[in-house]
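Okay, so here's the structure we're looking at.
The values are calculated or read from the model by the stated rules, or taken from the named source; none is laboratory data. All values reported here derive from a predicted model rather than from experimental measurement. Cβ atoms come from the backbone with ideal geometry, glycine included; neighbour counts cover every protein chain shown.
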Amino acid sequence: MTRLQGLPPVIGPQTRLLVLGSFPGVTSLRAQQYYGHPQNRFWKILSALWSVDLVGMAYADRLETVRKRSLGIWDVYGACEREGSLDSAIRAAQLNDLAGLIRQVPSLRLIAHNGGESARHRRITEALGLTVVALPSTSPANASWSFERKLAAWRAVFASAGLA
């Protein structure tokens, strides 16, 4: 199996909320973009929350908007072995240095795990002393939640962080 490297964190000096996924899928790694699969609902949810067409923007502009709105994006895993894109196929995972990132972002107040695989590490993120919540995955693999139901859950968390 090939050893895969994740993406660098997207953070700004005023980041208050950090969304942690598990590890980028094949499409995202190929594009070197967070949530790069067109069926992933991440950018559509943010677009609905902020009334901004992030989906229609260039990726660099999306990231600029995210930083300006005090949102950070990263993953719990920095590297792993995996065939395909499913979290269940992740092997030999290496955790990202979340404590190191948090030291760089003193304004950070809340960590939101995007999906179950990320939330499996909730014990680690809670030990960092911040509020931690689990959100329904934006992945197309999470078809049991409708877009509206996901949006409502995400809206509540973003509102609690002052980002909605």
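Annotations for the structure displayed:
- Looking across segment 1-40 at every residue that is small (Gly, Ala, Ser) and farther than 18 Å from residue 72 by Cα, the one that is modelled with the lowest pLDDT is identified as 25.
- Condition check for residue 79: surrounded by fewer than 18 Cβ atoms within 10 Å (Cβ to Cβ) and free of Cβ contacts under 8 Å to residues at least 12 places away in the same chain: no
- Residue pairs meeting the criteria (Cβ under 7 Å; at least 6 apart or on separate chains; first more than 18 Å from residue 24 (Cβ to Cβ), in segment 134-149; second at pLDDT 95 or above and not in a helix (DSSP H, G or I)): 134/113; 145/136; 147/41
- Residue 125 being of a type in the set (Val, Ile, Thr), out of contact with any Cys (no Cβ under 8 Å at 6 or more places or on another chain) and assigned to a loop (DSSP other than H, G, I, E, B): no
- Those residues of segment 107-119 which are under 16 Å from residue 87 (Cα atoms) and touching a residue at least 40 places away in the same chain (Cβ under 8 Å), in sequence order: 113, 114, 115, 117, 118
Listed here are the residues, each with its yes/no results for (1) farther than 27 Å from residue 104 by Cα; (2) without any contact (Cβ under 8 Å) to a residue 40 or more places away in the chain; (3) in a loop (DSSP other than H, G, I, E, B).
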residue: 15; (1), (2), (3): no, no, yes
residue: 19; (1), (2), (3): no, no, no
residue: 24; (1), (2), (3): no, no, yes
residue: 34; (1), (2), (3): no, yes, yes
residue: 40; (1), (2), (3): yes, no, yes
residue: 44; (1), (2), (3): yes, no, no
residue: 49; (1), (2), (3): no, no, no
residue: 53; (1), (2), (3): yes, yes, yes
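- Just one of the numbered conditions (1) in a helix (DSSP H, G or I); (2) under 20 Å from residue 138 (Cα atoms); (3) touching a helix residue (DSSP H, G or I) at 6+ places or on another chain (Cβ under 9 Å) is not true of residue 111: (1).
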